[in-house]
Amino acid sequence: FCFGQGSIPNSRQNSFQLNIGINQLKEENLHPKVHAGMIYGLRYSNVRTNLHQRQFQIGIHFSQPKTKYENLASSMNIQIDACYSYLFYIVTKNKFTFSLGPELGLHYSLSHYPNWDESHLYWSDFLGLGVLNTLKYQLNNKQQLTLDFSIPVVSVISRPELDRMYKIDDISLGGIISSMHSNLEGAFWNKSFAIKSRLEYHFSISNHVTHAICYSFNYSRTRENEGLPFQNIQHLVGLKLCY
C-alpha cells in the first residue's frame with residue numbers, strides 16, 4: 001500500500017476480520033434498562049483502487065447481553081450489516097491521503113429478551129445514505145495507519161410497534177423477515193443517527209499478505225414517530241488479514 005505523492009496505484013484487496021468487544025443495548029420499547037455483554041463477529045471487505053476507491057463490506061455479529069438485574073444472560077442480539085462506498089481522493093500529499101465519498105449502508109439488529117418478554121422480537125433496522133471519510137498515513141514501506149469515519153444523512157428505518165400486548169410474533173423465517181421490513185419510515189438525524197469509526201494499524205508480513213489490528217467504535221440511535229428509541233454502543237477490537 002505504499003505510494004508517492006500524486007501517485008495512486010491500481011489495486012484490488014480482499015480481507016477477513018475477526019472481532020471481539022463489548023455490546024450495549026437500550027431498547028426503550030421494552031424498558032429503559034441497559035443490556036450489556038461480549039460481542040463476537042466476522043467481517044469481509046473488498047476494496048478496488050484506481051482513480052477512485054470502491055469498497056464493499058459485509059459483517060455479522062452476535063452477543064448475549066444482560067442487565068445488571070439478571071444472573072444469567074438469556075437474551076440474544078444478532079446484527080448483520082453491509083455497505084458500499086465510492087471514495088474520491090481529495091488530498092494525496094507526501095505520506096497523507098484523504099478521501100471522501102458517498103456510502104450506502106444496510107443494517108439489521110434483531111433482539112430477543114425472554115426474561116422480560118417471551119412473546120416478542122425487537123429490531124432496529126435502517127438503510128442509510130451518507131458520507132464516508134478516510135484518512136491514511138504512511139509510516140514506512142510496510143506500516144500504515146488508517147482512520148475511517150462515516151455517518152448517514154438520510155435513512156429508511158423499521159422498528160416494532162410500541163404496544164403489542166396481545167400478539168405473539170411469527171418466529172418462522174418468513175415471519176421474522178416480514179416483521180423486520182414492516183413499519184417503514186423515512187428519517188433524518190433526528191430519528192436515525194449512527195456513527196461508525198475505525199482505526200487500523202496495517203503491517204506487511206510479505207509482498208502479498210498484510211495484517212491489521214483494528215479498533216472500532218459504533219453508536220446508533222433509532223426512533224420512529226410512534227414508539228420509543230433503540231440505542232446501541234459497540235467497542236470492538238479486531239484482527240484483519242488482507243490479501
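The values are calculated or read from the model by the stated rules, or taken from the named source; none is laboratory data. In this text, all values refer to a predicted model and were calculated from it rather than measured experimentally. No Cβ is skipped: glycine too gets one built from the backbone with ideal geometry, and neighbour counts run over all protein chains shown. Remember, those area values only see protein heavy atoms, side chains included, never the ligands or the DNA or RNA. Shrake-Rupley method; radii C 1.70, N 1.55, O 1.52, S 1.80 Å.
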Per 10 angstrom bin, beginning at 0 and ending with the bin that holds the maximum distance, the Cα pairs of region 63-140 fall in percents of 16, 28, 21, 19, 14, 3
13 Å beta-carbon shell around residue 240, net charge (K/R +1, D/E -1): 0
Quick numbers on region 103-144, Rg and Dmax over C-alpha atoms in Å, give 19.5, 56
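How do the peptides 135-142, 104-111, 122-129 rank, highest first, by the average count of neighbouring beta carbon atoms within 10 Å per residue?
Working: 135-142: 14.1, 104-111: 19.6, 122-129: 22.1.
Descending mean neighbour count gives 122-129, 104-111, 135-142.
Could you work out the helix-only [θ] at 222 nm for the chain, with each DSSP H run of four or more residues adding -39,500 (n - 2.57) and the total divided by the number of residues, to the nearest 500 deg cm²/dmol?
Values: 1 runs with 7 residues, N = 243.
It lands at -500 deg cm²/dmol.
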Volume in Å³ per residue [convex hull over Cα atoms, computed for region 36-170]: 150
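Could you work out Rg/(2.2 N^0.38 Å) for region 118-243, with Rg from alpha carbons only? If you can, show how the numbers build up before the last one.
On the way: Rg = 19.4 Å, N = 126, 2.2 N^0.38 = 13.8 Å.
In units of the 2.2 N^0.38 Å rule of thumb, it is 1.40.
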Does region 5-110 classify as rounded, prolate or oblate by the C-alpha gyration tensor (a ≥ b ≥ c root eigenvalues; a/c under 1.5 gives rounded; else a/b over b/c gives prolate, otherwise oblate)? prolate
Would you check the chain for Lys pairs whose C-alpha atoms are within less than 23 Å, ignoring same-chain pairs closer than 8 in sequence, and give me the count? 18
Part-to-part distance (alpha-carbon centres) for region 183-215 and region 65-141, which is given in Å: 7
Surface accessible to a 1.4 Å probe, per residue, for the residues of region 1-156, Å²: 50
In 5 Å bins starting at zero, report the fraction of Cα pairs in the chain per bin as a rounded %. 1, 6, 13, 17, 17, 15, 11, 8, 6, 4, 2, 1, 0
Leaving out ligands, DNA and RNA, and with a 1.4 Å probe, what % of the accessible surface on the chain is carbon or sulfur? 63
